[in-house]
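Q: Got a structure for you, written out below as structure tokens; questions coming shortly.
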2 protein chains.
Amino acid sequence: MTEPRWLDEDEKAAWIAFLSATNLVNRRLEQQLKDDAGLSHTQYEVLVQLNAAPDGSLRMTELADRLVTSKSGLTYQITQLERAGLVGRRSCPSDVRGVFAEITDEGRAVLRSAAPGHVEAVRQSLIDVLTPEQLTHIAAGLGEVSRRLRAEPRCPSQSTQTAPATQ
Amino acid sequence: MTEPRWLDEDEKAAWIAFLSATNLVNRRLEQQLKDDAGLSHTQYEVLVQLNAAPDGSLRMTELADRLVTSKSGLTYQITQLERAGLVGRRSCPSDVRGVFAEITDEGRAVLRSAAPGHVEAVRQSLIDVLTPEQLTHIAAGLGEVSRRLRAEPRCPSQSTQTAPATQ
DNA sequence: GTCATTTGGTTCAAATTGGAACGAAGCCAG
DNA sequence: CTGGCTTCGTTCCAATTTGAACCAAATGAC
């Protein structure tokens, strides 16, 4: 095998910044939400997704995909939230196996009260730190990163060429 | 309290991209390292830090700070790595309480063999997806984000004015 | 020197996470 | 219809993570 393409100075700087920024931001938000609303970031995101869904509910698998978490992890968190009365489970009429997670009124209320503090923390730790230019570049760059990683479940050799429907 | 400053469309796009990109990239690297080298990302980072340190060793607290992890979490991981023979513990001559984590020759060897695959994964999932322009903006923006979060252990009121030297 | 405070690291318990295994259903070719 | 394969969600288990409690030692004020 050939010598790997190591990262040059700029690339390394970007990677290190990415790594530490993500860890630090996550840690900060986790702490803020726990302190101010008694929610983990995962739980908060569950509420956000359900609240934004047309009828306040989503299938378990769909929700797990959106949160980028494992199915078993989601099962656990939904159980916790259910216990807390913030979401409920409904079965799916068209598929007996299916389960909808559905946000409750109390869930919406908790979300509503947690949101301002959360948004403020997001601003302080990330958004307001960036220049408008950096913001747009990050949105575009990381948006593309997300799109690719979501599309590519497993393709080691497929270079950066978009790849037409791997079959 | 006044109406919070909600995120506008661009800000929301950046935030969502940031959130999902970080989750997806983390998941991808975690999986690649586990599959190809039997290491967790945390463990890999421990080896990277120690390997780069002048004498192959760092104090526990210093290392925990660099990895953005808790002290107890680091204690656990160092124990694991020690068990695997990749690092060792040395006591600190100038401070009886202090402990140095030190990478072993085998640790360096494992790191050397894991690095190419890891770098390739970092390229595929992040670096090579970005344009050079996006790369520099991300390095600068997220670098600043890291710097601020590291500097500010707890200052709710300190508005975004603090740092004049944004560039 | 002496006491109070901080610091360094570990230990402990509780929460979370992810993968593998599972049972129940859907789906489809033949 | 029927066997074979995939999908859905849960359960189970092992690994990891974190904060709190702790002990010992360093530091600082007097």
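All of the numbers you see were taken from the coordinates with simple rules; none came from a lab. What you are looking at is a predicted structure, and each value in this text was computed from that prediction instead of being measured. Reconstructed Cβ throughout: ideal geometry from the backbone, glycine too, with neighbour counts over all protein chains shown.
Q: With N set to the number of residues, divide the alpha-carbon radius of gyration of region B:17-149 by 2.2 N^0.38 Å and report two decimals.
A: 1.15
Q: Report the FRET efficiency, 1/(1 + (r/R0)^6), for A:R97 and B:A52, where r is their Cβ-Cβ distance and R0 is 51 Å, rounded to 0.05.
A: Efficiency, from the Cβ-Cβ distance: 0.55.
Q: Additional query: Using the Cα centre of the protein assembly as shown as origin and beta-carbon charges of +1 (Lys, Arg) and -1 (Asp, Glu), tell me which of B:A37, B:T79, A:V48 is placed farthest towards the positive end of the dipole.
A: Selected residue: B:T79.
Q: Let me ask something additional. What does the structure give for B:110-122 when I average, per residue, the other chain Cβ atoms found within 10 Å of the residue Cβ?
A: Per residue, the average neighbour count from other chains is 2.
Q: Say a label goes 7 Å from Cα toward Cβ at A:D8 in every copy; what distances in nm does this one have to the rest, shortest first?
A: 3.5
Q: Another question, then. Once the convex hull of the C-alpha atoms of the protein assembly as shown is built, how many Å³ does it hold per residue, rounded to a whole number?
A: Residue-normalised Cα hull volume stands at 184 Å³.
Q: Can I ask one more? Taking only Cα atoms, what is the 0 to 90° angle, nearest 10, from helix B:71-83's long axis to the longest principal axis of chain B?
A: 40
Q: For chain A, take the longest principal axis of its alpha carbons; what is the angle in degrees between that and the long axis of helix A:132-151, to the nearest 10 within 0 to 90?
A: For A:132-151 against chain A, the angle is about 80 degrees.
Q: Using a simple charge model, +1 on the beta-carbon of Lys and Arg, -1 on the beta-carbon of Asp and Glu, nothing else, what dipole does region A:38-134 show about its Cα centre, in debye to the nearest 20? Intermediate values should be presented prior to the final figure.
A: Numbers: 10 positive and 12 negative charges, 66 e Å.
For region A:38-134, the charge dipole is close to 320 debye.
Q: Beyond 28 Å between alpha-carbons counts as too far, so tell me which of A:K71/B:K34; A:K34/B:K71; A:K12/B:K34; A:K71/B:K12; A:K71/B:K71; B:K34/B:K71 fall in that bin.
A: Violating the 28 Å Cα-Cα cut-off are A:K71/B:K71.
Q: Just to be sure I follow: if Rg is taken over the C-alpha atoms of region A:1-82 and Rh is the Kirkwood radius over the same atoms, what is Rg/Rh?
A: With Rg and the Kirkwood Rh in hand, the quotient comes to 1.16.
Q: Shortest first and in nm with one decimal, please list how far the B:R59 label point sits from its counterparts in the other copies (point 7 Å along Cα→Cβ).
A: Label-point separations across copies, in nm and ascending: 5.4.
Q: Calculate how steeply helix A:105-125 sits against the longest principal axis of the alpha-carbon atoms of chain A, using the helix alpha-carbon long axis, and give the answer as 0 to 90 degrees to the nearest 10.
A: With rounding to tens, the tilt is 30 degrees.
Q: Using a 10 angstrom cutoff on alpha carbons, build the Gaussian network for chain B and name the most mobile of B:L29, B:L130, B:L149.
A: B:L149
Q: For each of A:L24, A:L7, A:L126, count neighbouring Cβ atoms within 10 Å of the residue's Cβ, then give the residues from fewest to most.
A: A:L7, A:L24, A:L126
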